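Trainee: Sharing a structure here in structure tokens format.
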Amino acid sequence: MTSNKKILVNITNACLLYFALWLLFRCIHIQFTIINIVTSTCLILFISQYKKLYWFIFFPVIVFLSLYLPIGLKFGFITSDYLITLYSTNVAESSDFLSKISIKYIIYSIFILTYFILWGKTLVNKGKLKINNKFILIISLIGSLIFIPNLIFFKELYLSTKNAITELKDFKENINKNDWHVVNVNNKYKNYVLIIGESGSKFYHGLYGYKPDTTPFLSNVNGTIVDGMLSPATHTIPSLTRVLTLQNNFKPKYNLNLIDLVNSAGFTSFWISNQNYVGRHATPITSIGLKSNYSFFQKKIDADTTTDHDLLVTFKKYLQLSHDNKRNFFVIHLHDLHPYEVCDVIKRYQRFNFPIKLTKNYKNINCYNQIVYFTDKLIEEIYNELKETNESFSMIYFSDHGIKIRNIKDKNSELMHSEEQEGYHIPLIKISSDDTSRQIISLNKTGLFFTNGIANWLGIDATNIKQKYDFFSNIPFDNEEEINHISRTKSLPLQPAIKNTILKLND
Ligand SMILES: [Zn+2]
């Protein structure tokens, strides 16, 4: 090889190595700084001195990272919340999750794998990187030792896997226990309805000032609106397992779940859900729902054509059944705002002659906004059904977590779950049959003490609940866990909402 050619080969090799490092650093969240590049090169050089070390330790790590790379680049660090969600959701949803991974990331993955196979075969196996100078060898060892603390990712991944396993084990051990001690029930209303939204972001609800108004019913109805509600987590399962149990320090207590509480207090419970049911494993949320006296999982029958709006049929049916009961508790669990499917789901609304507009720009956000609008209509219909019974009622609407717009300036931007502030901001409104005005509570609250707050709403006293919580009061809940969760969430980055580009929804 001529010296010119040699230089060219070396430059190409260096460029490829730095590209590989850049990808790996992004994947395992290491900053691409000069010091990290130099010290990681020292580590690779040091490992390359020993064939066994390279092939039996380093290379399996590279295989793992090349498999993980598309997920790491697309979704960021895989927390235990992600792992529990993946474990619990059904195959269709997991494959939907994986289908979001672009081909670009898979090519990166293949590149990393091929690059380090060639590195091993051409440089390590043939001893071409052998350092004979002890001084240089020691320098490369020191560099390696400086770099190693950056590999904290592996420790975190181990811990989040361990957490996920512990949490699922805890769920299996406790879900069939009921440890509530109800001492008194004094419900103000006969019918209570809890509407759990899916991925409903406060920022896209007209109720909180978004223009044009996506929630004309909620924006005008008499009731109490909380402006400042934060979800406990940013994904359905980790959020609702805290919301629907008397959690402690973020640990759900399945033996103290909401449905066992209402059942123990003599309510007749109804659970109506549009969430996925047929999973590889029953989700903790499904299992809590199944404890209700009556439960209906719509997607068990038809997962491909139904909408949240179809839940009304079952709600009306259950409402008929409830007349002779002393007190009723309904949960209506929505699904249509799930961020990855909004533009597919929205087409199903044509059946109801709802006005639908599919736009070229900001398509996803416009589909999302229209579903918020249809959700508002659904809540209005539930309200009207309750009114027609001439029985007293109170209803709450909130959501499991918020959403974020990926690449806000991109007109093809997608919606996603987010660990940033957007992931936590949710709507919360209570509408009761005797409301005569609108009240707005501007105060940060969290869903961590939701079961506690619901018990208060339903007029249930239980010895397990040490501190009463009223969501709809102007007095802050004086609890350290709540205060910490609020300040932690509020310190996260936050981007502004995208304007609704559909000016008149009901044209
Ligand atoms: Zn969700």
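Trainee: If you plug each phi of the stretch 466-475 into the Karplus form 6.51 cos²θ - 1.76 cosθ + 1.60 with θ = phi - 60°, what whole-Hz ³J(HN,Hα) values come out, in order, with x for Gly and Pro?
Mentor: For the stretch 466-475, the Karplus-derived couplings read 7, 10, 5, 10, 10, 4, 9, 10, 7, 8 Hz, x marking Gly and Pro.
Trainee: Right, something else. Calculate, for Ile107 and Lys134, the FRET efficiency according to 1/(1 + (r/R0)^6) with r their C-beta to C-beta distance and R0 45 Å; round to the nearest 0.05. Display every interim value, and only then the final one.
Mentor: On the way: r = 41 Å, r/R0 = 0.90.
Calculated transfer efficiency: 0.65.
Trainee: Follow-up. Could you list the residues of the stretch 413-429 with an amide nitrogen less than 14 Å from a label point located 7 Å from the Cα of Gln495 in the Cα-to-C-beta direction?
Mentor: Answer for this model: 413-423.
Trainee: Another one. Among the aspartates and glutamates, which have Cα under 14 Å from the Cα of Lys253 when same-chain residues fewer than 8 positions away are ignored?
Mentor: Glu167, Asp170, Glu173, Asp179
Trainee: Report the extension gain between Asn407 and Leu141 in nm, rounded to one decimal, defined as 0.36 nm multiplied by the number of residues separating them, less their alpha carbon distance.
Mentor: Computed gain between Asn407 and Leu141 is 91.7 nm.
Trainee: Extension gain Asn249-Thr12, at 0.36 nm per residue separation less the Cα-Cα distance, in nm?
Mentor: Extra length available between Asn249 and Thr12 comes to 80.1 nm.
Trainee: Just to check I understand the Karplus step: with θ = phi - 60° and J = 6.51 cos²θ - 1.76 cosθ + 1.60, what whole-Hz values come out for the stretch 18-23, glycine and proline as x?
Mentor: Here the 3J(HN,Hα) series is 6, 5, 4, 5, 4, 5 Hz.
Trainee: OK, next. Each residue of the stretch 169-177 in order: what ³J(HN,Hα) in whole Hz does its phi give by Karplus 6.51 cos²θ - 1.76 cosθ + 1.60, θ = phi - 60°, with x for Gly and Pro?
Mentor: 5, 4, 4, 5, 6, 10, 5, 8, 9
Trainee: Going by amide H atoms built from the backbone, whose H comes under 5 Å of the H on His401, apart from near neighbours?
Mentor: Ser199, Gly200
Trainee: If you don't mind, another one. Please list, ordered by chain and number, the residues whose modelled amide H lies under 5 Å from the amide H of Val331; skip anything fewer than 5 residues away on the same chain.
Mentor: Sorted by chain and number, the residues that satisfy this are Leu194, Phe270, Trp271, Ile272.
Trainee: Applying 1/(1 + (r/R0)^6) with R0 = 41 Å to the Cβ-Cβ distance of Tyr68 and Ile475, what FRET efficiency is obtained, to the nearest 0.05? Before the final figure, lay out each step's value.
Mentor: Details: r = 47 Å, r/R0 = 1.14.
E(calc), rounded to 0.05, equals 0.30.
Trainee: Further, regarding this structure: Looking at the stretch 100-172, which trypsin sites (Lys or Arg not before Pro) are in a loop (DSSP not H, G, I, E or B) and have at most 11 other Cβ atoms within 10 Å?
Mentor: Details: sites: Lys100, Lys104, Lys121, Lys126, Lys128, Lys130, Lys134, Lys155, Lys162, Lys169, Lys172; in loops: Lys100, Lys126, Lys128, Lys130.
Counting only loop positions with at most 11 other Cβ atoms within 10 Å, the trypsin sites (Lys or Arg not before Pro) in the stretch 100-172 are Lys126, Lys128, Lys130.
Trainee: Would you mind computing, in nm to one decimal, how far apart the modelled labels at Thr436 and Thr305 are, each placed 7 Å from Cα along Cα→Cβ?
Mentor: A separation of 4.8 nm, rounded to one decimal place.
Trainee: Cα gyration tensor of the stretch 109-163, axes a ≥ b ≥ c as square roots of the eigenvalues: rounded (a/c below 1.5), prolate (a/b > b/c) or oblate?
Mentor: oblate
Trainee: Could you tell me whether the stretch 164-251 comes out rounded, prolate or oblate from its Cα gyration tensor? Rule is a ≥ b ≥ c as square roots of the eigenvalues, rounded for a/c under 1.5, then prolate if a/b exceeds b/c, otherwise oblate.
Mentor: Taking the square roots of the gyration eigenvalues as a ≥ b ≥ c, the stretch 164-251 is oblate.
Trainee: Where does each of 400-406, 240-246 land if you order them by average Cβ count within 10 Å, highest first?
Mentor: Answer by packing, highest mean first, reads 240-246, 400-406.
Trainee: Counting only other residues whose beta carbon sits under 12 Å from that of Ser413, what net charge do I get with K and R as +1, D and E as -1?
Mentor: +3
Trainee: Provide the FRET efficiency to the nearest 0.05 for the Asn222-Glu380 pair, computing r from the beta carbons and using R0 = 22 Å.
Mentor: Details: r = 13 Å, r/R0 = 0.59.
Using R0 = 22 Å, I get an efficiency of 0.95.
Trainee: I want the antiparallel fraction of DSSP beta bridges within the chain, as a percent rounded to 5.
Mentor: Percent antiparallel among DSSP bridges in the chain is about 35.
Trainee: Sorted from largest to smallest, which semi-axis lengths in Å does the alpha carbon gyration tensor of the chain give for its equivalent ellipsoid, taking the root of 5 times each eigenvalue?
Mentor: 51, 25, 20
Trainee: If a/c stays under 1.5 just call it rounded; otherwise compare a/b with b/c (prolate if a/b is bigger, oblate if not). Do that for the stretch 351-495, with a ≥ b ≥ c from the square roots of the Cα gyration tensor eigenvalues.
Mentor: Taking the square roots of the gyration eigenvalues as a ≥ b ≥ c, the stretch 351-495 is oblate.
Trainee: Please tell me the relative contact order of the chain in percent, rounded to the nearest whole number, where contacts are Cα pairs under 8 Å and at least six residues apart.
Mentor: 21 percent
Trainee: Can you list residues from other chains, or at least 5 along the same chain, whose modelled amide H is less than 5 Å from the amide H of Lys445?
Mentor: Answer set, sorted by chain and number: Met229, Leu230.
Laboratory data are not the source of any read-out in this text; all were calculated from the coordinates shown. A quick note: this is a predicted structure, and the numbers were derived from the prediction, not measured. Ideal geometry is used to build each Cβ from the backbone, glycine not excepted, and the neighbour counts take in all protein chains shown.
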